[in-house]
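Data first, discussion second: the structure below is written as structure tokens.
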Amino acid sequence: MKKITFTLAALVGLAFANQANAQLQKGTFLVGGQLGNLNFGLGSSNSVSLSLSPKVGYFIQNNLAVGVEVPIGFTAIKGIDPIFNYGIGAFGRYYFAPKEFNIDNVLNKGRFFGEVGVGIAGQTDVEVGFNLRVGAGYAYFLTPNVALETMVRYQGTYGTGNTSGLDINLGFQIHLPSKKIKSEYYQIREEAGSRKSSKQSEE
């Protein structure tokens, strides 16, 4: 339990660290997710729908991250059994530098990005099929390591029951440099060990 606490403390500290540049460099981890298709129907429709897409990625080179995404969601309509959506897939995301668009980013704290994902997906009473996701968005960095983002994405699932369409996603991502994670983790463990030794000596 203590090890888990130390690890979480290191991640939180890194997320809000005051560093000079946004963490889009090789060796950085990407952790977060998106919220999409949020809908609360009123009146006769009386429906609720929601989708979440947790993801974990790793920058294999500057500005380019690859990883795993697990989209899940549901739609509930009055008088009808809820429909659950699920899936798993790989994604690739590329962050464009300002010079690639020949424009300045908002307050110099944002980046445009493109994303492509493939995997499998299904829903209640429908067989799993091939899933394709293609989107473009904008990430605004609240801190050098924490970004809020919005993305417009085409998503299609092809199999027994084909579905496709556009959706707008809102989300956040935390950028964690792997070297910093290790150094912070071992530093916290060392300090905790020192405090434990001092306490045992006093006893």
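The values are calculated or read from the model by the stated rules, or taken from the named source; none is laboratory data. Quantities reported herein were computed from a predicted structural model and do not represent experimental measurements. Because the Cβ atoms are built from the backbone with ideal geometry, glycine has one as well, and the counts that use them run over all protein chains shown. Protein only, heavy atoms only, side chains kept; ligands, DNA and RNA dropped before computing areas. Shrake-Rupley method; radii C 1.70, N 1.55, O 1.52, S 1.80 Å.
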query: Can you name every residue in the stretch 46-56 that is assigned to a strand (DSSP E or B) and either open to solvent by 30 Å² or more (accessible area, probe 1.4 Å) or over 16 Å from Leu170 (Cα atoms) (or both)?
result: Ser47, Val48, Leu50, Leu52, Pro54, Val56
field: Residue among Gly165, Gly135, Gly110, Gly161 that is closer than 18 Å to Ser51 by Cα, modelled with pLDDT under 90 and open to solvent by less than 40 Å² (accessible area, probe 1.4 Å)
entry: Gly165
- prompt: Could you list, in sequence order, the residues of the stretch 57-82 that are of a type in the set (Gly, Ala, Ser) and either closer than 20 Å to Tyr138 by Cα or open to solvent by less than 60 Å² (accessible area, probe 1.4 Å) (or both)?
  reply: Gly57, Ala65, Gly67, Gly73, Ala76
- prompt: If you check Thr124 against the conditions, is it open to solvent by 30 Å² or more (accessible area, probe 1.4 Å), over 28 Å from Gln23 (Cβ atoms) and hydroxyl-bearing (Ser, Thr, Tyr)?
  reply: yes
message: Could you tell me how many of the residues in the stretch 91-100 are touching a strand residue (DSSP E or B) at 6+ places or on another chain (Cβ under 6 Å) and either open to solvent by less than 60 Å² (accessible area, probe 1.4 Å) or without any contact (Cβ under 8 Å) to a residue 24 or more places away in the chain (or both)?
response: 4
statement: Taking the stretch 168-182 and the residues there that are open to solvent by 60 Å² or more (accessible area, probe 1.4 Å) and not in a strand (DSSP E or B), the one that is modelled with the lowest pLDDT would be Lys182
- prompt: Out of (1) at pLDDT 80 or above; (2) within 21 Å of the chain's Cα centre (by Cα), the odd one out for Val128 is which?
  reply: (2)
- request: Quick one: count up the residues across the stretch 149-158 that are open to solvent by less than 30 Å² (accessible area, probe 1.4 Å) and of a type in the set (A, V, I, L, M).
  value: 1
task: For the stretch 138-148, enumerate the residues that are open to solvent by 10 Å² or more (accessible area, probe 1.4 Å) and assigned to a strand (DSSP E or B).
output: Tyr138, Tyr140, Phe141, Val146, Leu148
